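Novice: Here it is, the structure in full.
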Amino acid sequence: MSSAAIITPAERRWRRIKLAAAVSAAASLILVGAFAAWVISLGPLPLQQARQVSTTIVDRNGKLLRAYAMADGRWRLPVDAKTNVDPGYLKLLLAYEDRRFRSHAGVDPLALGRAAFQLVTRGHIVSGGSTITMQLARLLEPRRERSVTAKLRQMVRALEIERRMTKDQILDLYLALAPYGGNLEGIRAASIAYFGKEPKRLSLAEAALLVALPQSPENRRADRHPEIAHAARDRVLDRMVEDGQVSAEDATQAKAVPVPRLRKPMPILAPHSADQAISIVKDTPLIKLTLDSGLQRNLEALAHDRAITLGPTISVAIIAVDNESGDVLARVGSPDYFDDRRAGQVDMTRAIRSPGSTLKPFIYGMAFEDGFVHPESLIDDRPIRFGSYAPENFDMTFQGTVPVRKALQMSLNVPAIALLDRVGASRLSSRLKQAGANLVLPKDETPGLAMGLGGVGITLQDLVQLYGGLARLGSTRPLREIMRANDDAREPLRLMDPVSAWQVGNVLLGTPPPENGVHNRIAFKTGTSYGYRDAWSVGFDGRITIGVWVGRPDGAPAPGIVGRTAAAPILFDAFARTGKLPASLPKPPKGTLVASNAKLPLPLRRFRPVGELVRTGGEQAPHIQFPLNGSRIDAAGPGGTSFSAMPVKVAGGVLPMTVLVNGVSAGEIDSRRQRLVDPPGPGFTRLTVIDAMGAADTVVVRIQ
């Protein structure tokens with residue numbers, strides 16, 4: 001045998017080493033490949049599904065009004081740890097569960113080593129090695145088995161979560177998903193259910209309990225196993241004392257606090273508004289309303305208390321609106337959402353009902369605007385017939401001749417119908433619709449004089465919008481309740497001119513208040529519909545407008561329920577519960593005629609219905625010959641920077657005659673029955689001529 005074929009022992013060992021290395025490398029590659037394949041088989045993280053939360057309705061300041069359970073019945077509320085959660089709780093949570101949360105990459109080797117050492121030395125688990133991120137991974141993919149493979153899966157997922165999310169996002173998602181027993185998930189749902197409050201401010205005892213529950217949520221449920229929950233909470237406190245996070249004295253005091261044994265119901269503030277919002281805004285986890293939760297809570301309590309005193313079938317509805325913005329600040333659709341006897345789930349602020357006398361202020365406002373009557377004018381309250389219609393007062397009596405101011409304050413029917421006859425029912429209806437109110441007439445009927453006493457349907461919210469127009473000096477603001485981005489482009493709607501609106505508000509301010517009210521603080525009006533079916537009271541100050549409705553939701557009569565005694569006291573209590581003194585109404589606009597009856601122009605001193613003008617020589621009623629009604633007048637001066645005087649020519653009528661431009665006196669017609677008047681500016685202008693007998697004619701022209 002040749003020497004070349006001889007293999008030395010050293011060479012043999014070297015070959016064995018190389019073979020072992022090759023086998024080891026191949027095995028390592030196989031293991032790495034298998035591990036990579038296993039990791040790939042895990043699939044994507046189910047983050048989108050985990051981010052699904054209960055739809056929550058919040059007020060204008062972000063406070064929770066109502067939450068809706070998820071489709072499977074779980075309560076899971078969105079969490080922002082920086083704004084929604086007590087910093088003391090967060091400190092306790094991280095100290096107990098994951099003290100290096102802010103520094104590790106998802107897995108904490110030191111925590112795993114400590115947990116293993118404690119298990120070996122003490123014979124039982126003292127603390128877990130799972131980080132917050134690993135616990136989140138387990139919540140994202142819940143599995144029952146507890147094995148090395150399951151733990152390895154959590155570690156891999158934790159590393160992946162840390163790559164895809166910030167620490168704050170990880171903490172927020174964990175706080176939203178952590179289980180607290182039953183259908184409660186997340187710190188907010190648990191805090192509300194057990195303590196009846198958001199977790200913004202927690203005591204040490206409350207924070208320790210909320211740290212303990214997720215470790216074994218079903219076994220430690222405070223509402224089912226309070227003793228076990230109590231012991232678990234105390235163990236958290238003991239650990240924190242050992243770690244120097246909590247003083248022994250504070251821990252002792254916290255241990256003395258009993259754990260809650262009953263779950264509290266989820267808040268249901270403004271249930272009708274919430275139901276309406278969720279039906280309009282689809283697939284949005286957070287809906288913000290314009291409501292003020294504090295005012296909403298106060299008015300719900302007021303409606304509930306008053307309904308109890310009024311009877312088991314009587315309902316109460318209240319709505320409060322900010323004058324300037326038109327934002328709904330509170331809406332109480334019924335005194336008890338769950339009371340079937342009162343049809344509690346029916347929102348009576350949106351129900352169409354007869355308004356009784358509550359439309360009268362707008363009749364007077366249009367009469368003031370047309371210029372044939374003034375708050376200090378005299379008007380007759382006596383039996384009168386308009387065709388086959390003969391209105392009567394609520395108390396079946398007549399007051400004789402009274403000032404217009406008193407006629408409105410006393411809600412006399414005959415003067416209101418006499419003015420409506422002059423204004424025109426169709427014109428009133430069109431004006432109110434133009435201002436945003438939806439008036440509902442009986443089928444196949446046109447606007448008539450009866451609408452002045454409630455012969456038309458309207459909702460409480462539309463009525464409040466109209467009264468808000470009086471507070472805004474003649475322009476209504478469409479109501480808003482759901483806050484959305486760039487949604488505040490609502491244009492004001494014209495109701496009447498500023499002078500007339502101020503005059504109406506000034507008259508209503510002097511209406512005698514109910515026994516619980518103070519004089520000259522709130523401008524308000526009451527109304528009672530035919531058959532005692534609806535009692536109303538609507539009022540405003542310089543800041544808000546509030547409307548109250550009282551009655552039976554089924555439309556049945558409720559004898560004895562009248563606006564002045566049933567609704568007005570609730571209205572004044574509602575203003576008191578806003579927590580602010582009534583704000584002053586605006587000052588009189590420029591051009592407002594403030595005078596006693598004796599100093600009014602002769603035609604304005606007394607109002608007479610058109611059919612009762614007394615003529616002695618067969619005189620003709622005044623008729624404006626120029627300009628013609630509906631005409632366009634080019635009155636622009638040189639360069640378009642000013643407007644030249646416009647001639648007004650009149651035929652007929654008894655001198656002296658007064659010209660009014662948009663309800664403001666512009667002087668008297670001369671002996672040639674004409675006068676030059678200064679246009680107020682571009683746009684529609686109302687010209688009215690009133691003669692010495694009270695007869696009048698009006699045209700509307702467009703100045704350009």
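The values are calculated or read from the model by the stated rules, or taken from the named source; none is laboratory data. Predicted model, so just to flag it, every value in this text is computed and none were measured. As a convention, Cβ positions derive from the backbone with ideal geometry for all residues, glycine included, and neighbour counts pool all protein chains shown.
Novice: Output the residue which, of all residues in the range 442-489 that are within 22 Å of ASP541 (Cα to Cα) and among the charged types (D, E, K, R), is surrounded by the most Cβ atoms within 10 Å (Cβ to Cβ). Before the answer, list the steps.
Specialist: Residues of the range 442-489 within 22 Å of ASP541 (Cα to Cα): 459-481.
Narrowing the set further to residues that are among the charged types (D, E, K, R) leaves 462, 472, 477, 480-481.
Numbers: ASP462: 24, ARG472: 21, ARG477: 21, ARG480: 18, GLU481: 20.
Ranking the candidates gives ASP462 first.
Novice: Let me ask something else about it. Collect the residues in the range 438-491 that are closer than 24 Å to PRO415 by Cα, of a type in the set (A, V, I, L, M) and in a loop (DSSP other than H, G, I, E, B), keeping them in residue-number order.
Specialist: Correct list: LEU439, LEU441, VAL456, LEU473.
Novice: Search the range 60-109 for residues being in a helix (DSSP H, G or I) and small (Gly, Ala, Ser), and hand back the single one that is surrounded by the most Cβ atoms within 10 Å (Cβ to Cβ). Write out each step before concluding.
Specialist: Step one: of the range 60-109, the residues in a helix (DSSP H, G or I) are 81-84, 87-97, 109.
Subsequent filtering for residues that are small (Gly, Ala, Ser) retains 81, 88, 95.
Working: ALA81: 20, GLY88: 15, ALA95: 18.
Residue satisfying both the conditions and the ranking: ALA81.
Novice: Considering the range 563-605 alone, what residues qualify as being outside any helix (DSSP H, G or I) and in contact with a helix residue (DSSP H, G or I) (Cβ under 7 Å, 6 or more places away or on another chain)?
Specialist: Of all residues in the range 563-605, those outside any helix (DSSP H, G or I) come to 577-596, 600-601, 605.
Selection gives ARG577, THR578, PRO582, LEU585, PRO586, PRO588, PRO589, GLY591, THR592, ARG605.
Novice: Right, next: For the range 129-198, please list each of the helices (runs of 4 or more DSSP H) lying entirely inside it that holds at least 3 residues being over 21 Å from TYR96 (Cα atoms). Spell out the reasoning first.
Specialist: Working: elements: 132-140, 148-164, 167-177, 187-195.
Here the list reads 148-164, 187-195.
Novice: From the list ILE363, ILE379, pick out the single residue that is buried (at least 18 other Cβ atoms within 10 Å of the Cβ), touching a residue at least 40 places away in the same chain (Cβ under 8 Å), over 28 Å from GLY547 (Cα atoms) and touching a helix residue (DSSP H, G or I) at 6+ places or on another chain (Cβ under 6 Å). Before the answer, list the steps.
Specialist: Working: ILE363 fails: over 28 Å from GLY547 (Cα atoms).
Among ILE363, ILE379, only ILE379 is buried (at least 18 other Cβ atoms within 10 Å of the Cβ), touching a residue at least 40 places away in the same chain (Cβ under 8 Å), over 28 Å from GLY547 (Cα atoms) and touching a helix residue (DSSP H, G or I) at 6+ places or on another chain (Cβ under 6 Å).
Novice: Given the residues THR284, THR290, which is the only one that is on the phi < 0 side of the Ramachandran plot, touching a residue at least 60 places away in the same chain (Cβ under 8 Å), surrounded by fewer than 19 Cβ atoms within 10 Å (Cβ to Cβ) and polar (S, T, N, Q)? Walk me through how you get there before you give the answer.
Specialist: On the way: THR290 fails: surrounded by fewer than 19 Cβ atoms within 10 Å (Cβ to Cβ).
Within the list THR284, THR290, the selection yields THR284.
Novice: Can I ask one more? Can you tell me which condition LEU408 does not meet? The list is (1) in contact with an Asp or Glu (Cβ under 9 Å, 6 or more places away or on another chain); (2) at pLDDT 95 or above; (3) of a type outside the set (Phe, Trp, Tyr); (4) crowded, with 24+ Cβ neighbours inside 10 Å, and all the others hold.
Specialist: Going through (1) in contact with an Asp or Glu (Cβ under 9 Å, 6 or more places away or on another chain); (2) at pLDDT 95 or above; (3) of a type outside the set (Phe, Trp, Tyr); (4) crowded, with 24+ Cβ neighbours inside 10 Å one by one, LEU408 breaks only (1).
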